[in-house]
Amino acid sequence: MQKLVSKVTDDIDFYVGNDPGKLLAAYGSPLFVYSERVLRERCREMRGLTDYKRLQIYYSAKANTNVRLLEIIRDEGLNTDAMSPGEILAVKRAGFTPERILYVSNNVTAEELRFALKHNLTVCVDSLSQLELFGRVNPGGNVAIRINPNVGAGHHEKVVTGGKDTKFGVNMEYEPQIREILNRYSLRIIGLHAHIGSLFMDETPYMEAAKAVMGFAKRFDDLDFVDFGGGFGVPYRKLSGELRFCFKDLSVKLNALINEFTREYGKEIVIKLEPGRYIVAECGVLLGTVTAVKYNAGNCFAGTDIGFNILPRPVMYGAHHDIELYRPYGAATKTMPVTVVGNICESGDIIARDMQLPEPREGDVAAILDTGAYCFVMASNYNQRPLPAEVLITMDGSVKLIRRAQTPEELLSYLD
């Protein structure tokens with residue numbers, strides 16, 4: 001297979017000698033392909049983020065819940081946070097024990113809280129009413145609280161989770177109400193949690209929020225942990241030379257903040273960070289096939305079998321993904337603006353507009369980069385289309401099927 005645009009995957013030897021076209025032939029198109037090596041590298045980067053001995057990295061399972069990937073993440077020494085009974089079951093299936101799981105709830109029922117408590121998990125609530133509900137469900141228990149640090153950041157308004165317009169967290173001015181509920185139900189607050197958003201590339205807002213959380217933490221005498229959340233971005237525009245997040249600067253600032261806090265607090269509490277996207281985004285590539293090429297009002301459209309039911313981020317967030325192009329036979333043609341679209345009967349089913357690519361041909365393989373996070377987990381069966389398979393390229397280059405493709409018949413199994 002001729003690689004017409006392949007700099008990103010070539011530079012890191014993503015496929016470890018495997019041919020993308022042969023992967024599609026073996027497992028079907030479209031297909032999610034994951035790199036074990038890249039996944040392990042990102043885990044190790046996060047583990048070394050600070051030199052604080054009680055640092056714990058909690059992978060946000062919502063970014064990708066494939067159990068085989070979760071097993072690798074667990075094997076690398078990371079912990080995990082879960083946000084639903086389904087995620088709890090997934091991470092437990094991957095071998096995470098209760099002390100390595102943080103349940104971060106959001107507007108949940110009493111039954112869901114009981115489910116988490118039945119599994120002996122630490123529970124974090126994010127509103128006064130949910131704190132009250134927790135007290136009724138588990139009087140005398142331990143609880144963590146998600147606060148709003150009045151700082152928000154992210155690549156799109158829909159992923160900003162801090163600040164005045166967010167639905168998340170308890171505002172710090174409600175401290176008296178927090179204490180009243182804690183006292184009424186004899187609850188012990190063991191941790192504070194915050195999260196400002198997703199896909200920011202500058203540590204400034206993160207550190208601003210971390211300082212606010214630490215300042216609030218000093219008002220509580222005997223915390224076990226403080227959780228700064230995650231949201232670290234990855235460079236989705238690699239073909240344009242976008243720079244990586246500078247963790248060196250963040251590490252220096254976090255070390256200073258944590259050391260100052262522990263001196264004043266008189267106790268070396270656990271510091272938790274919750275990267276999700278950064279752990280898995282770059283380990284994934286979504287392969288698909290160019291099924292049609294058309295010209296409309298001077299615009300070139302490359303139609304693919306990758307609809308927004310499979311890749312929801314562009315239509316949901318206006319998100320950008322670089323695209324590589326491979327050809328079964330024949331050389332590259334002239335480069336031109338190409339709008340890459342999917343196979344869903346919706347005008348919004350657009351992967352990328354006016355991307356500079358070789359003139360596409362039917363049968364070309366399109367590789368959508370950095371699709372390990374918030375892609376398969378948010379995919380749907382819209383238009384009654386089955387979900388694709390997922391495969392893992394292991395450290396030695398062998399390929400493992402880690403989720404088989406659905407069949408159209410399975411989508412009607414609820415009738416059985």
Whichever lysines have a C-alpha closer than 26 Å to that of LYS218, once near sequence neighbours (fewer than 8 apart) are set aside: LYS53, LYS164, LYS167, LYS253, LYS267, LYS272
Hydrodynamic radius (Kirkwood) for segment 261-345, which is based on Cα pairs only, to one decimal in Å: 16.8 Å
Coarse-grained scattering of segment 36-280 at q = 0.08, 0.12 Å⁻¹, given as base-10 log I(q)/I(0) from a Debye sum over alpha-carbon atoms: -0.28, -0.66
Segments 340-350, 197-207 sorted - mean Cβ within 10 Å per residue, highest first: 197-207, 340-350
In degrees, nearest ten, helix 128-137 long axis to first principal axis of the chain (Cα): 70 degrees
At 0.890 mPa s and 25 °C, Stokes diffusion of segment 1-129 via Kirkwood alpha-carbon radius, µm² per second: 144 µm²/s
Sparse-neighbour loop sites [trypsin sites (Lys or Arg not before Pro); segment 183-251; at most 14 other C-beta within 10 Å; DSSP]: LYS218, ARG219, ARG237, ARG244
Normalised per residue, the volume of the convex hull around the Cα set of segment 297-416 (Å³): 144 Å³
Residues PHE96, PHE220, sorted so that the one with the fewest Cβ neighbours within 10 Å comes first: PHE220, PHE96
Reachable lysines, given that their alpha-carbon falls under 24 Å from the alpha-carbon of LYS3 and they are not under 8 places away in the same chain: LYS22, LYS238, LYS294, LYS334, LYS400
The chain - charge dipole about Cα centre, Lys and Arg +1 at Cβ, Asp and Glu -1, debye rounded to 20: 380 debye
Neighbour-limited loop hits for trypsin sites (Lys or Arg not before Pro), segment 324-399 (at most 16 other Cβ within 10 Å; DSSP other than H, G, I, E, B): LYS334, ARG361
Alpha-carbon centroid distance for the pair segment 66-99 / segment 279-300, whole angstrom: 31 Å
0 to 90° range, to nearest 10: angle between helix 175-184 axis and the chain longest Cα axis: 70 degrees
Contact order relative to length of the chain, as percent, for alpha carbon pairs under 8 angstrom and 6 or more apart: 20 percent
Likely footprinting exposure, THR394, THR80, fewest C-beta neighbours within 10 Å first: THR394, THR80
Theoretical gain in end-to-end length, ASP224 to MET378 [0.36 nm per residue, Cα-Cα removed]: 52.1 nm
Three principal axis lengths of the chain [C-alpha, angstrom, descending]: 71, 54, 45
Pairwise FRET efficiency - GLU264 versus ARG404, Cβ, R0 = 60 Å, nearest 0.05: 0.65
Low-density loop cleavage sites - chymotrypsin sites (Phe, Trp or Tyr not before Pro) in segment 306-410, where at most 13 other Cβ are within 10 Å (DSSP): TYR329
Burial ordering of LEU287, LEU117, fewest other beta-carbon atoms within 10 Å first: LEU117, LEU287
Value of [θ]222 nm, deg cm²/dmol, for the chain, DSSP H segments ≥ 4, -39500 (n - 2.57) each, nearest 500: -8000 deg cm²/dmol
Rounded, prolate or oblate (a/c below 1.5 giving rounded, otherwise prolate when a/b exceeds b/c) for segment 347-390 by Cα gyration tensor: prolate
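None of the figures in this text is laboratory data; all of them are computed from the coordinates on show. It should be emphasised that the depicted structure is a prediction, and the values quoted were computed from it without experimental measurement. Counting neighbours? That spans all protein chains shown, and the Cβs are built from the backbone with ideal geometry, glycine included.
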